[in-house]
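A short worksheet on the structure shown next.
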């Protein structure tokens, strides 16, 4: 059951994501909730040089999966008022098209295909500076 009324993009940008997701600030890879509803979430983040997945200013490609998973965590926290931990249970496919560097602004869109029995299947796309940097299909256990 949805606890929050869905709001416009401008209203969501000021939300405190710390209460929507279980990740501590040092591991949080999502800065701003842009849009959210039952089937879709859009978030933004600026890659910090102190990101645990960032080496010599380059973000590891595996970190892009974590960004996608954290976007889904924000969605769960927003829709259901629960900041529950979850894990990436499976990655069906992942394509990385471009390198991501510290300072890059990432816009992540996740589409939820199905949710049942603590599992969520979703597809995601991360863009930066108008280009797609990664796409993936994954399953999350929440």
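None of the figures in this text is laboratory data; all of them are computed from the coordinates on show. Predicted model, so just to flag it, every value in this text is computed and none were measured. We place every Cβ from the backbone using ideal geometry, glycine too, and count neighbours over all the protein chains shown.
What to note about this one:
- Against the chain, whose longest principal axis is taken from its Cα atoms, helix 61-80 shows a tilt of about 20°.
- Model label points for residue 60 and residue 34, set 7 angstrom from Cα along the Cα-to-Cβ axis, are 2.6 nm apart.
- Reciprocal of mean inverse Cα separation for the stretch 9-141 (Kirkwood radius, Å): 14.6
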